[in-house]
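None of the figures in this text is laboratory data; all of them are computed from the coordinates on show. Quick caveat, the model's predicted, so the values are computed rather than measured. No Cβ is skipped: glycine too gets one built from the backbone with ideal geometry, and neighbour counts run over all protein chains shown.
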Amino acid sequence: MLARSSFGKFQLRWSQKTNPGKTTAQLEEDPGHFSFRIVKPLVIRNPCFSICSAGIVQNSSHSHGNDNGSESENEWEKLLKPFDLKQLRKSLTGLTPFQLCKLLQLPLDVPTSMEIFEWAGAQKGYYPSFDVYYVLIDKLGAAGKFKVIDKLLMQMKEEGIVFRESLFLLIMKYYGRAGFPGQATRLLLDMKAVYFCEPTFKSYNVVLDILLTGNCPKVASNVFYDMLSKGISPTVYTFGAAMKALCMVNEVDSACSLLRDMTKHGCVPNSVVYQTLIHALSKNNNVDDALKLLEEMFLMGCSPDVQTFNDVIHALCRVNRVHEAAKLVDRMLHRDFSPDNITYGVLMHGLCRMGQLDQARALLNKVPCPNIVLFSTLINGYLKSGRYDDAKAVLYNDMLSIGCHPDVYTFNILIHGLCKKGFLVSACELVNEMEIKGCKPNVITYTILIDGFCKEGELERASNVLKEMSSKGLSLEIVGYNILVSALCKGGKVHEALAMLSEMSSKGVKPDIFTFNSLIFGLCKVDKMDDALGLYQDMLLEGAVANTVTYNTLIHAYLRRGEIQESLKLVDEMLFRGCPLDKITYNGLLKALCRAGAIERGMRLNEEMMRMGLRADNISCNILINGLCRSGKIQDAFEFLRDMIHQGLTPDIVTYNSLINGLCKMGRIWEALNLLNRLQVEGICPDAITYNTLISWHCKEGMINDACLLLDRGVENGLIPNYVTWFILVNNLVKGSGRESRSSYL
């Protein structure tokens with residue numbers, strides 16, 4: 001910290017050194033005169049001066065000293081002693097605003113500065129100046145004393161001091177540093193309304209910058225439009241800030257329209273403006289507009305940076321336009337831009353995602369200095385395509401040949417790929433190999449192994465991995481616990497899963513909604529509904545928010561038990577807690593109502609589902625058609641089929657099987673056979689259920705020969721009869737032969 005007082009021909013200067021507690025007092029004469037200094041371990045709060053009315057520092061002895069030429073310590077101690085306001089009153093007569101301004105610039109604390117300011121203001125004939133207020137407010141702003149600043153502003157207004165914009169810019173910047181964007185905006189509005197100071201683009205630019213830094217983009221855009229409405233001409237920086245604010249609230253079209261408005265105000269877009277818009281358009285996958293702006297950027301003589309190219313390349317890859325992304329990289333090279341590893345990484349990831357692994361490999365060979373991330377991306381691509389040998393070749397041949405050693409991230413990719421293919425033994429061997437190479441497995445490594453074993457149903461081996469992990473001082477995180485809890489619940493081992501929940505709590509791992517959903521599913525699976533509801537209540541008490549999966553699990557469990565009313569109570573609670581019903585919820589309820597014969601109620605529920613904005617799917621329609629057919633409302637079922645087709649849905653074999661069964665049930669077997677013929681015309685292949693239904697009803701009507709002919713027809717069309725088919729035919733043939741025997745005996 002450096003402060004300076006220049007009264008007369010002497011200058012007094014303090015500089016606080018980096019060593020705590022060491023203060024250097026240095027007295028210098030003007031150039032050509034003597035200079036001396038003293039270093040003393042003092043912590044100075046307020047230095048004291050004796051100042052005459054002319055403003056000259058009085059020092060009774062400069063040259064007194066000891067034999068070694070050092071200055072008098074008593075004099076310096078007196079000079080540097082804490083500030084004494086009484087001494088100031090005695091030594092000062094008629095302090096001018098200029099002298100006060102210089103005095104306030106010294107490193108005095110805020111209370112002392114305020115005392116001096118108030119004392120000086122009480123002098124007879126003293127007239128305050130703008131500069132004095134500016135220096136004092138600067139000091140107050142640095143100390144965060146904003147309430148005092150507000151009082152001083154009103155005092156300035158009462159004293160008739162003309163405000164300047166520079167003062168408000170200073171206060172606004174301090175509001176921004178303190179994290180008060182709202183106060184900065186308020187001050188901008190008060191400049192003209194309260195203090196009669198006309199703000200210019202400078203004030204608006206400062207406030208816009210503060211609002212963007214404070215993550216208040218909506219307010220920032222309002223401030224910008226307020227500026228335009230008042231006729232204040234924005235600058236290029238203003239437009240750039242406004243565009244950024246609009247992009248932050250995803251109003252990209254409005255931001256792009258501002259680009260065309262810039263010329264009306266005499267502003268020419270710069271690189272920052274274009275980069276802001278291109279980034280936002282690319283983020284929204286609006287690639288065509290981003291490419292147009294990139295072209296316009298070149299035409300306007302603005303040079304994009306590598307990040308701008310990366311934004312567009314990333315967007316092209318996300319929308320599967322990888323070849324265009326590759327061409328853009330070539331264009332970068334042609335224009336002497338140097339793609340970085342992010343450029344190559346994004347393009348390589350896009351190529352791998354599209355399955356173009358050979359092109360990705362060729363791209364890697366062109367990279368001047370490939371890093372471990374690029375190699376890992378290619379290895380991951382090979383593994384996802386099942387090309388494990390190629391992945392190993394990249395690891396052991398390419399990487400090591402250039403001295404790039406795989407890290408734990410690379411090994412984890414390989415281990416994950418092996419586990420996905422079910423090669424768990426090879427995955428475990430690779431873990432051992434990475435340890436031999438000096439690369440320690442981390443929590444993610446072991447979590448991948450646990451997940452692999454759980455998916456294969458090998459829970460005991462997953463438990464062994466957990467023990468090995470614990471022996472190495474690693475603790476399972478929430479993801480790993482969720483994997484184990486889910487696997488145990490799916491395997492019917494709910495008690496072990498609940499024990500793991502207790503272990504989580506003891507180790508400080510807080511269960512999340514996925515943990516509770518798995519446990520609720522496990523309890524419902526073993527028909528422990530009371531325990532499932534109890535856990536649901538405990539979950540709410542612990543602050544976890546139930547989601548649609550939670551409620552669907554409980555609702556479907558009650559529906560399986562035939563307790564529709566309990567399910568509907570949960571539906572009400574679900575809606576009360578603001579959790580929307582989805583198609584799984586509606587379809588479960590529709591199925592239960594149709595089974596219970598409440599088809600009219602089911603139809604009303606379907607209409608409610610569509611009113612809620614959920615479009616009916618094949619599952620919903622098939623449930624209702626089946627319900628109508630089972631209740632003998634075959635005509636209504638066909639009408640519903642027509643509505644289904646009008647909604648753009650395509651009936652499938654499940655739809656037609658329900659209709660065929662409904663027709664047969666009503667004794668309209670010939671219509672059912674006509675529908676079978678229609679299936680083949682529409683290109684829908686009848687399945688075993690179709691033929692079993694028709695064969696069964698033919699047998700019931702005593703048309704055994706026709707049933708056998710149907711079987712022959714089905715086999716010719718590729719049907720493979722199942723045990724139900726043979727049971728129907730054999731059972732009815734035995735019954736038929738029994739009846740013939742009895743009639744011949746009689």
Relative contact order of the chain, pairs being alpha-carbon contacts under 8 Å that are 6 or more residues apart, as %: 3 percent
Span from the region 410-450 Cα centroid across to the region 337-385 one, whole angstrom: 22 Å
Those residues of region 158-180 whose amide nitrogen sits under 16 Å from the label point placed on LYS202, 7 Å along Cα→Cβ: 162-174
Relative contact order [Cα under 8 Å, 6+ residues apart], region 384-486, whole percent: 22 percent
Candidate values (i) 42; (ii) 63; (iii) 25, label of the one derived for percent of Cα pairs over 43 Å apart: (ii)
FRET efficiency for LEU540 and ASP582, using Cβ-Cβ distance with R0 set to 22 Å, rounded to 0.05: 0.60
Peptides ranked, highest mean first, by Cβ atoms within 10 Å: ranges 338-347, 323-332: 338-347, 323-332
Label point distance in nm, ALA178-THR650, each placed 7 Å from Cα along Cα→Cβ: 6.7 nm
Burial order of peptide ranges 649-662, 357-370 (average beta-carbon count within 10 Å, highest first): 649-662, 357-370
Net charge of neighbours whose Cβ lies under 13 Å from the Cβ of TYR195, counting Lys and Arg as +1 and Asp and Glu as -1: -2
Separation between Cα centres of region 204-234 and region 111-150, rounded to whole Å: 30 Å
Most positive-pole-ward Cα, GLY714, PRO181, LEU291, against dipole of the chain from beta carbon charges: PRO181
Estimated dipole of region 452-597 in Debye, rounded to 20 [Cβ of Lys and Arg +1, of Asp and Glu -1, Cα centre]: 360 debye
Cut-off 14 Å between beta-carbons: net charge of the residues surrounding GLY301, Lys and Arg +1, Asp and Glu -1: -1
Estimated dipole of the chain in Debye, rounded to 20 [Cβ of Lys and Arg +1, of Asp and Glu -1, Cα centre]: 860 debye
Peptides ranked, highest mean first, by Cβ atoms within 10 Å: ranges 310-317, 489-496: 310-317, 489-496
Extreme residue, positive dipole direction of region 187-324, given options GLY240, TYR225, VAL273 (C-beta unit charges): TYR225
Region 418-576: C-alpha gyration tensor shape, a/c 1.5 cut-off, then a/b vs b/c: prolate
Rounded tilt (10° steps) of 110-121 against the dominant C-alpha axis of the chain: 50 degrees
When each of LYS218/LYS283; LYS102/LYS151; LYS440/LYS493; LYS440/LYS490 is checked by Cα-Cα distance, pairs over 25 Å: LYS440/LYS493; LYS440/LYS490
Sum of -39500 (n - 2.57) over DSSP H runs of 4+, divided by residues of the chain (222 nm, nearest 500): -20500 deg cm²/dmol
Partner lysines for LYS264 [C-alpha distance under 18 Å; skip if fewer than 8 residues away on the same chain]: LYS230
Between 0 and 90°, nearest 10: helix 529-541 axis offset from the chain longest Cα axis: 10 degrees
Region 165-286, relative contact order [Cα under 8 Å, separation at least 6], %: 19 percent
C-alpha long axis of helix 201-213 to longest principal axis of the chain, angle in °: 50 degrees
Cα-centred dipole magnitude for region 331-404, charges only on beta-carbon of K, R (+1) and D, E (-1), debye, nearest 20: 180 debye
Region 477-491 versus region 584-629: alpha-carbon centroid distance in Å: 34 Å
Violating pairs (Cα-Cα greater than 29 angstrom) within the set LYS327/LYS384; LYS173/LYS244; LYS384/LYS510; LYS665/LYS735: LYS384/LYS510
